[in-house]
């Protein structure tokens, strides 16, 4: 298959063919055009996970009853409104939210964190690690933000935060914490970081974009104040996300978007100006017609994961992850990237470099020759990748690879998986990687 002249995009209804995967996903039997017409191996879950069949069926069942939320007395409108608010309650239960927490539906993790950034009280100091994904790194620019160094162990992360907070002084403060790295898959010491933050009177927002699809997230147990995640990484489509947490800052802030739905009353004063009284609930930050299908899809995914049982899902994921990491460790010239070392607990995300190959060429070869979809580049985590690759602090360009030391492309290859991944896909990936290493980038076998 030529990468320069891709085949026309066509779609068809597919049946589930997930093999040993615990939860069926859409697209499991999609075949890649080419000489062998192999079944596509989706190993880029960290970017967007495939949709659970359960979620798609739930959405399809609701679709004929779709109506405008909070916008009418008719049957469909009332049913849709009830479904939307039930979805809010389902998500709150999935996250272990406290009774007085708000659950706001957004477009994504990025949208959620930008919403929170706009709701911070005047003078709030923000503390964020430079190793975070751009969605958690960039919303705080232009504020009193303290950029913490990239830590090399969970203990160092806790120490860096405590040192920064100790010298920060009084006033409102917010600490942004990543649950699991989108580059290395490593779990961060969320509860320990939250304990330090609260000791100094700071609040904590958890970026759970990579954590929530793999691990239970309980805001009470972790003692975080806010949590954000995206539906498209949680096996749900339709561009929806969540910001959940303490209500006071959200209720006191100006609406993230001004418009219908956010306002309780709008009036025109004698001087001709227009004033608004805003809702004091989550609706304050959900202006416009809500994405009820997106919210319902997230709620359906939350139910599916809960009913499948995270203990069962985690046990299987750890087994596949062990096979993947062991297989990569046996291949010469492969360097797996890590912050906290080989013993750190991880989710199903692994990034690596290959001697003699650019990340882009290696990913393209996996796609075109083996029907395997992975990610390559800097994964929207430029400072972290540059630290892991020893490339210094110069500002990179796009999220793809860029020229690095010696003129070679800077970047890595990332393989990620989840509840819909058959074990065969991990085996095929390892076999393909070994074959590409034997052949080399020139296409000539090194044997």
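We did not get these values from a lab; they are worked out from the coordinates using the rules stated. This one's a predicted model, so the numbers in the text were calculated from it and none came from an experiment. No Cβ is skipped: glycine too gets one built from the backbone with ideal geometry, and neighbour counts run over all protein chains shown.
Summary table below
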{"read-out": "Ranking of 214, 382, 198 by count of other Cβ atoms within 10 Å, fewest first", "value": "198, 382, 214"}
{"read-out": "Cα-only radius of gyration and Dmax that characterise the stretch 153-253, units Å", "value": "14.2, 43"}
{"read-out": "Ranked list, fewest to most other Cβ atoms within 10 Å of each Cβ, for 361, 100", "value": "100, 361"}
{"read-out": "Using alpha-carbon coordinates, inclination of helix 359-370 to the longest axis of the chain, degrees", "value": "70 degrees"}
{"read-out": "Size-normalised alpha-carbon gyration radius of the stretch 214-291, reference 2.2 N^0.38 Å", "value": "1.41"}
{"read-out": "Relative contact order (%) - criterion: Cα under 8 Å, at least six apart; region: the chain", "value": "20 percent"}
{"read-out": "Rounded to whole Å, sorted largest first: equivalent-ellipsoid semi-axes of the stretch 20-169, Cα gyration tensor", "value": "37, 28, 14"}
{"read-out": "Full-stretch length increase - residue 163, residue 434 - with 0.36 nm per residue and alpha-carbon distance subtracted", "value": "93.1 nm"}
{"read-out": "For the stretch 160-207, projected area of the alpha-carbon convex hull averaged over all directions, nm²", "value": "3.3 nm²"}
{"read-out": "Exposure proxy ranking, count of Cβ atoms within 10 Å, fewest first, for 87, 112, 153", "value": "153, 87, 112"}
{"read-out": "Helix 423-439 axis, angle to the chain major axis (alpha carbon atoms, nearest 10°)", "value": "50 degrees"}
{"read-out": "34 Å tail of the calculated P(r), the chain, as % of Cα pairs", "value": "36 percent"}
{"read-out": "Calculated FRET efficiency for the pair residue 312/residue 258, C-beta based, R₀ 51 Å, to 0.05", "value": "0.65"}
{"read-out": "At R0 = 30 Å, FRET efficiency that the Cβ-Cβ distance of residue 423 and residue 199 yields, to 0.05", "value": "0.10"}
{"read-out": "Helix 292-308 vs. the chain, principal-axis angle (Cα, 0 to 90°, nearest 10)", "value": "60 degrees"}
{"read-out": "Spin-label model distance (nm) - residue 360 vs residue 319, 7 Å beyond Cα toward Cβ", "value": "4.0 nm"}
{"read-out": "Calculated log₁₀ intensity ratio I(q)/I(0) where the Debye formula runs over C-alpha points of the stretch 55-306, q = 0.07, 0.08, 0.13 Å⁻¹", "value": "-0.25, -0.32, -0.81"}
{"read-out": "Estimated distance in nm for a label pair at residue 100 and residue 248, the labels positioned 7 Å out from Cα along Cα-to-Cβ", "value": "0.8 nm"}
{"read-out": "Full-stretch length increase - residue 30, residue 143 - with 0.36 nm per residue and alpha-carbon distance subtracted", "value": "36.0 nm"}
